[in-house]
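Inspection log for the structure reproduced underneath, given as C-alpha cells.
Quick note: the coordinates plus some simple rules give every number you see, no bench work behind them. Every value quoted in this text rests on a predicted model; they were computed, and no experiment measured them. Every residue, glycine as well, gets a Cβ built from its backbone with ideal geometry; the counts of neighbours run over all protein chains shown.
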Amino acid sequence: MRTLLLAATWLCLGPSLDALSLGGRRTEAADGGEKPLRRVRRGWMWNQFFLQEEYTGSDYQYIGKLQSDQDHGNGVVKYVLSGEGAGTVFVIDENNGDLHATRRLDREEKAFYILRATVVNKRTGQKLEPETEFTVKLHDINDNEPHFSKEVYTGSVPERSDIGTSVIQVTATDADDGMYGNSAKLVYSISQGHPYFSVDPNTGVIRTALGPRDMDREQREHYQVVIEAKDMAGQRGGLTGTTVVNITLTDVNDNPPHFTQSIYQFRVPESSRSGSPVGRIRATDRDTGKNAEMYFTIASGDGMDMFDISTDRVTQEGVISVSKPLDFEKKPSYTVEIQVQNTQLDPRFMSMSSKNMATVRIGVEDVDEPPLFDKASYLMELKEDAEVGAAVGSVSAVDPDGARSMVKYSIDRRTDMDRLFNVHPGNGSVFLLRRLDREEAAWHNISIIATEFNNPRQSSHAPVFIRLLDINDNAPAFATVYETFVCERTKAGQVTAGS
Ligand SMILES: *[C@@H]1O[C@H](CO)[C@@H](O)[C@H](O)[C@H]1NC(C)=O
Ligand SMILES: *[C@@H]1O[C@H](CO)[C@@H](O)[C@H](O)[C@H]1NC(C)=O
C-alpha cells in the first residue's frame with residue numbers, strides 16, 4: 001500500500017509516518033512550545049500547516065516541508081503542488097519539498113487554503129503516490145480593532161429612575177479570530193459619562209449609575225456618553241473602538257405647579273353678567289407635556305359662591321369668572337383662595353406636589369345705575385270732579401349708587417298728550433292740571449320719569465295708573481256697556497260719538 005500520507009513530523013501523531021509527511025516550522029506553529037497533545041484536544045488536524053498572517057519579512061515565508069518515503073534523497077523524485085494558490089501564493093521546492101508563501105496573507109481575507117501534493121518520477125513523470133490533500137491555515141494576529149454597529153447611538157431613560165436601570169445596549173465586533181486567543185475578546189468601558197452612567201464590561205448594556213435624586217431632567221436633560229470597546233480582553237496593548245451614545249432623560253411628574261404670584265388683584269364692574277371673565281392667573285410647572293397640565297379650584301374665601309374658576313386648556317391659565325350678580329353697594333370686595341394641582345399625579349412624587357395656593361382679591365366697581373323707583377308701578381285714584389291743582393298721589397325714586405345723586409321727576413309727555421297731570425320735579429307729588437270728565441276716560445295711564453340731576457342719561461320710567469272715581473252721574477248698567485265700547489274703539493282722552 002502506497003498511500004501518500006501527510007503528517008507533521010513534530011506532532012508525532014501521523015498514523016503512517018513512513019509516507020509523505022509534513023514538517024511544520026516549529027517556532028511558529030508551536031506557539032512557544034505548546035505540547036502536541038493539547039493541540040489534538042483543541043481539534044487541530046494533523047494534516048495542516050500553520051502560517052502567521054500579516055508576515056512582514058522581505059523573503060518568502062517558510063511554511064513547512066513535505067516528505068515522501070518514496071524520496072530516497074537520490075534526486076529521482078519531484079514534488080508537485082496543486083490546489084488553491086499553488087504556484088502563485090504557495091510554492092514548493094520540487095527537489096526537497098520545502099513549502100513557502102510568496103507574499104503576506106490576511107486571515108480576515110481568507111482563513112485557510114486547500115492544497116494537494118504528490119511526488120512524481122522526474123524522468124518518467126510517473127506518479128509515485130496518489131495526491132493528498134492538506135490545508136494551510138493562517139494564524140490570527142490582533143490586526144483588527146473592535147467596531148461598533150453604530151457610530152452614534154441614541155437612548156432614553158425616565159428621569160428619577162432607580163440606580164442600575166438599563167438604558168441601551170451597544171455592541172462592537174472584532175474581525176479577528178474569536179476561536180483563537182483574545183484578539184476578538186472585547187471588554188466595554190465608559191470613557192465619558194461618569195458618574196451618571198455605567199456600562200457592563202461584557203454585554204455593553206448601559207445603565208444609570210446614580211439614583212433618582214441625581215437623575216433629574218429639570219437639572220440636566222441631555223448626556224453624551226462615550227463607550228470604548230477593547231480587544232485582548234481589555235488588557236494593555238489591545239486595540240480599541242469607540243462610540244458615542246446620546247442619552248436623554250424623559251420627563252416624569254416630579255414637580256407640582258407653582259403660582260407665579262402669591263396675591264392677585266382684579267376689578268370687576270358690578271353690572272357684569274354671570275359668566276363674564278374677571279381675570280386670569282398663571283402657574284408654572286417645570287415638567288412638560290401631560291405632566292405640566294393643571295387645574296384650578298376655589299378652595300375658600302368670602303367670594304366662593306360669587307365666582308367660578310376654570311382652566312384654559314390652551315394656555316393653562318386659571319380663568320376667574322362671575323357666577324352670581326354683584327352689587328357694589330352691598331359688598332364692594334371679595335377674597336378667594338385658589339388652589340392649583342396637576343391633573344395627572346405620579347404616586348411616587350405625591351408628597352412633593354404639596355398644594356399650591358394663591359390669594360385673589362376682587363374689587364367690585366361701582367357702576368352709575370339709573371334711579372330706582374320704590375314701586376314697580378303706582379295706582380292712584382282721583383274723584384272725577386277734582387279741582388285743578390288737586391294732589392293725585394306721589395312717586396319716589398332714589399339713585400342706588402354710592403354717590404346718591406339728586407333725582408328729578410317729570411311726566412313722559414307721550415303718555416299725557418293733553419297735559420292733564422303734572423309732577424313736582426323735586427318731591428314726586430302728582431297734581432291735576434285740568435278738570436276731568438269720567439265719561440271721557442275712566443283711566444289715565446301715564447309714565448313718570450326719574451332722572452339723575454347730574455347725569456341726565458341715567459333715567460328710568462315707572463307706570464302710573466290713575467283711576468277716576470265715579471260720583472254717580474250716570475246709570476251704572478248703561479255706563480258699563482258704554483265704557484267697554486269706548487275702551488275698545490278710542491284712544492284715551494278722545495271724544496267719542498254719542499257722548
Ligand atoms: C311737594 O312739594 C309741594 C309744593 O311745595 C307740596 O305741596 C307737596 O305737599 C310736597 N309733597 C310731598 C310728598 O312732600
Ligand atoms: C290703564 O290701566 C288699567 C289697569 O292696568 C287698565 O285696566 C286700563 O285698561 C288702562 N287704560 C288705558 C286707556 O290704557
Exercise. Determine, for each peptide in 95-101, 201-207, 228-234, the mean count of other beta carbons within 10 angstrom over its residues, then list the peptides with the highest first.
Key: 228-234, 95-101, 201-207
Quiz item: How many angstrom separate the Cα center of the stretch 187-256 from the Cα center of the stretch 125-174?
Solution: 22
Self-check item: Where only alpha carbons of the stretch 147-250 are counted, the Rg and the Dmax (Å)
Solution: 14.5, 49
Self-check item: Residues of type lysines that Lys127 reaches as a straight line, Cα spacing below 26 Å, ignoring anything fewer than 8 places off in the same chain
Solution: Lys65, Lys78
Quiz item: Kirkwood hydrodynamic radius for the stretch 316-380: how many Å is it when counted over pairs of different Cα atoms?
Solution: 16.5
Exercise. May I ask you to order 122-132, 389-399 by the average number of other C-beta atoms within 10 Å around their residues, highest value first?
Key: 389-399, 122-132
Self-check item: FRET efficiency for Thr154 and Arg280, using Cβ-Cβ distance with R0 set to 51 Å, rounded to 0.05
Solution: 0.85
Quiz item: Pulled fully out, how much extra length does the chain show between Asp302 and Leu345, if you take 0.36 nm times their separation in residues and subtract their Cα-Cα distance?
Solution: 12.5 nm
Quiz prompt | Reference-scaled alpha-carbon Rg (2.2 N^0.38 Å with N residues) for the stretch 69-190 | solution = 1.85
Quiz prompt | Per-selection Kirkwood Rh - the stretch 372-469 (Cα, Å, 1 d.p.) | solution = 13.8
Quiz item: Rounded to the nearest 0.05, what FRET efficiency is calculated for Asn121 and Thr56 with R0 set to 35 Å and r the Cβ-Cβ distance?
Solution: 0.35
Self-check item: Relative contact order (%) - criterion: Cα under 8 Å, at least six apart; region: the stretch 147-250
Solution: 37
Self-check item: Square roots of five times the Cα gyration tensor eigenvalues for the stretch 195-311, Å
Solution: 56, 11, 10
Exercise. Evaluate E = 1/(1 + (r/R0)^6) for Thr248 and Ser271, where r is the Cβ-Cβ distance and R0 equals 56 Å; express this FRET efficiency to the nearest 0.05.
Key: 0.55
Quiz item: Stretched out fully, how many nm does the piece from Leu379 to Ser333 gain, at 0.36 nm a residue minus the Cα gap?
Solution: 12.7 nm
Exercise. Identify all lysines with a Cα-Cα distance to Lys185 below 26 Å; exclude those on the same chain that are fewer than 8 residues away in sequence.
Key: Lys35, Lys110, Lys137, Lys150, Lys230
Self-check item: Rg in Å to one decimal, and Dmax rounded to a whole Å, for the stretch 258-365 via C-alpha atoms
Solution: 14.7, 50
Quiz item: So which lysines pass the test for Lys375, namely a Cα distance under 22 Å, with those fewer than 8 places away in the same chain ruled out?
Solution: Lys330, Lys408
